[in-house]
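J.: Would you mind keeping the following structure in view while I ask a few things?
The values are calculated or read from the model by the stated rules, or taken from the named source; none is laboratory data. Quick caveat: nothing in here was measured; it's all calculated off a predicted structure. Cβ placement follows ideal geometry from the backbone for every residue including glycine, while neighbour counts extend to all protein chains displayed.
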């Protein structure tokens, strides 16, 4: 369970403190420090971080500050709400980043701590980036076909991807904004491992979010001024897959699987 909590954004220390409070009830920072053999200052920092997520709340008992955890029923919802808030913050940041990227030409690579981020600012480079990551790999995606495949060239690229996917049978989970191009795209699916769910366009402003096992791609998908980020970090990708599945599970299935592809039988010699 520790790995799942860390994937949701908690540090190992925050996880240990939270589980201790869940199993022992209200405790002061000093008592937690002794029980877990962790410095009191480190415990207090973890408690503050958990408080900000509303996973822990502070109480006062005879002038001594004690901390109590949220209930087991509340914790999954609190983690999801925090993830949504973080996701909205990423979108807002991208809106601010976009106009400042015009001075760069082509892809620019830079490091942000443990994240390796590659900025893409042309439609051609973005198409090549997608092809590199999705044509033969399992992935999860949220996108709007009305924006992403509105041109003839984009539809041709989509058909090429679907043909390759039918041959490779890679597992694909697509959450698509509803609309006429969405229905066209679904009609072209031949991979029985390709699942689709539909979301109201008003529920997401993203044109593209693609998540593989170790890469997250975020794009505004503007044909006139593309702006995309390729984020390479396994932990971040794990977190985004968890976020994706929390959205996926609350949407009704469109089709459990696409029609199976008929493959020619090999001739016996």
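J.: For segment 221-234, enumerate the residues that are modelled with pLDDT under 80 and farther than 21 Å from residue 196 by Cα.
T.: Of everything in segment 221-234, those that are modelled with pLDDT under 80 and farther than 21 Å from residue 196 by Cα turn out to be 222, 223, 224, 225, 226, 227.
J.: Considering only residues that are in a loop (DSSP other than H, G, I, E, B) and within 25 Å of the chain's Cα centre (by Cα), look in segment 136-160 and name the one that is farthest from residue 212 (Cα to Cα).
T.: The selected residue is 150.
J.: While we're looking at this one, here's another question. Can you confirm whether residue 129 is over 18 Å from the mean Cα position of the chain (by Cα), at pLDDT 85 or above and part of a helix (DSSP H, G or I)?
T.: Considered against the rule, which asks whether it is over 18 Å from the mean Cα position of the chain (by Cα), at pLDDT 85 or above and part of a helix (DSSP H, G or I), residue 129 comes out as no.
J.: Moving on. Hey, any hits in segment 179-193 for a residue that's out of contact with any strand residue (DSSP E or B) (no Cβ under 6 Å at 6 or more places or on another chain) and either within 27 Å of residue 81 (Cβ to Cβ) or modelled with pLDDT under 85 (or both)?
T.: Within segment 179-193, none of the residues are out of contact with any strand residue (DSSP E or B) (no Cβ under 6 Å at 6 or more places or on another chain) and either within 27 Å of residue 81 (Cβ to Cβ) or modelled with pLDDT under 85 (or both).
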